[in-house]
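Participant: One structure is given below, represented as structure tokens, and several questions about it will come after.
The values are calculated or read from the model by the stated rules, or taken from the named source; none is laboratory data. Nothing here was measured: the structure is a model prediction, and the numbers come from that model. Virtual Cβ from ideal backbone geometry, glycine too; neighbours counted across all protein chains shown.
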Amino acid sequence: MEYEEGESLSGFLARHGGFLSEPLLLNVFLPVLNGLQAVHDAGLLHLDIKPDNIYLRRNGVPMLIDFGSTRQRSTANRSQKVALTPGYAALEQYPGHGDLGPGADVYSMGATLYRCITGQEPVDARERENGLKKLHMDRSCPPCVSNARTTAAISANVWMPRCNSSPKTGRSRHLRCKRPDGQEHAC
């Protein structure tokens, strides 16, 4: 294998304010997704996609690295220990949470994209699962969270938030939640 000069996506993010612009997102993620498709077409799962494992060559061409957790799809569900990174690992990568498939890598790509867009580390899949369970068990507790779209997608039967975004930044400056009975409150 040849040595490539460059840096990890995480290093690039650290040096450039923690975010990627839309053109950079496209330049990084489209080639990596094409490479991931080739990995899946070969019957493999990467299972450790994260900013540390996307390498940006000096010429700007990204590449997916660190195939240490890679498994063949046909054997991925056996009791093999797999290294995972909380926040980037899909729920099914944790023991007892379902069968592994290409969706686990797609989830990790989404978590990596989230990191590049928001500048924040993604929440661990187990924490998200526990939060969803709480929402479904205790409907009297409003899901007042900063990401209104995620909350709205959880269930049509829980409180539906409306988000007032700042026209300058597009980020929430005030969140209003609306209960199914029509009552609103500030979150």
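Participant: Consider V123 carefully, then state whether it is surrounded by fewer than 18 Cβ atoms within 10 Å (Cβ to Cβ), at pLDDT 85 or above, aliphatic (A, V, I, L, M) and not assigned by TED's automatic domain parsing to the domain that holds V32.
Facilitator: Yes, satisfied.
Participant: Which members of region 16-71 meet the condition of being modelled with pLDDT under 95, of a type in the set (K, R) and buried (at least 17 other Cβ atoms within 10 Å of the Cβ)?
Facilitator: R71, the sole residue that qualifies.
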